[in-house]
Amino acid sequence: MTTTPSDVDVVLPCLDEAEALPWVLSRIPADWRALVVDNGSTDGSADLARSLGATVVHEPRRGFGAACHAGLTAATAEVVCFCDCDASLDPGLLIPFVREVQENQADLVLGRRRPQARGAWPAHARAGNLALARMLRRRTGLRLHDLGPLRAARREPLLALDLTDRRSGYPLQMVVRAADAGWRITEHDVPYLPRTGASKVTGTWRGTWQAVRDMSRVLGEAPTAGRAVR
């Protein structure tokens, strides 16, 4: 019998995701808390999420990082997970990630996206991600393949990383600063589905390369070894 680790908060940054929310929230394990961070939705996402049992956090400052960090600071569980709110990733896939953290096998667990359908991951977005993974390897030595949004770690060490990016660079800054602090970082394949609705970041070449520029700035940070303890 598979058990579900408890005492977990799942941060779900949300901007006009009413169409995807019912499926996403239905996939959250029953004893976990869903933190839907509304980032200025105009389609009723916040009210819908609340009606479906999620805790809603409002973050008026636009930006993926702003939404993620608002969720992290609102979290109270020992372990915090992150997942996109567009139905491209199943939050249930986080169960083994959380177990790996709780059993002290890793400090940060990441999902490596594996597209399950044509168009699930556009070529320009994949190219940008590959370029960043290579730059990350040069910067930290980590041999990661993806900088995707599905991830799990303990809340207090995450807060101690003192993450400052509030745009597209937030996920990368988390990995860079964790690496500088000597965290054990692992990566596992996860199925990646076509998202519901239009992408807010990587739906176009322009959006993708803006994200790459944001993340490139993060890679230019000076090493911060010793910032956080596990």
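Between Trp23 and Glu221, the simple spin-label model (points 7 angstrom out along Cα→Cβ) gives 3.3 nm.
The label point for Arg134 and the one for Thr73, both projected 7 Å from the Cα toward the Cβ, are 3.7 nm apart. Solvent-accessible area of the range 9-53 (1.4 angstrom probe, protein heavy atoms only): carbon and sulfur portion equals 49 percent. For the range 1-157, the solvent-accessible area of protein heavy atoms averages 43 Å² per residue (probe radius 1.4 Å; ligands and nucleic acids excluded). Ranked from largest to smallest solvent-accessible area, with a 1.4 Å probe on the protein heavy atoms, Arg138, Arg33, Arg177, Arg217 come out as Arg138, Arg217, Arg33, Arg177. As a calculated quantity, the FRET efficiency between Ala117 and Asp43 at R0 = 30 Å, using C-beta atoms, amounts to about 0.80. Close amide H contacts of Val8 (hydrogens built in the peptide plane, cut-off under 5 Å, sequence separation of 5 or more or a different chain): Arg33. Among Glu59, Glu78, Glu103, Glu17, the order of accessible area from largest down is Glu103, Glu78, Glu59, Glu17, computed with a 1.4 Å probe on protein heavy atoms.
At 0.36 nm per residue, minus the direct Cα-Cα distance, what do Thr186 and Glu156 gain on full extension? Give it in nm, one decimal, please. My answer for the length gained is 8.9 nm.
The values are calculated or read from the model by the stated rules, or taken from the named source; none is laboratory data. Because the structure is predicted, anything quoted here is derived from the model rather than measured. When we count neighbours, we look across all protein chains shown, and the Cβ atoms used for this are built from the backbone with ideal geometry, even at glycine. With ligands, DNA and RNA removed, areas are computed over all heavy atoms of the protein, side chains included. Shrake-Rupley method; radii C 1.70, N 1.55, O 1.52, S 1.80 Å.
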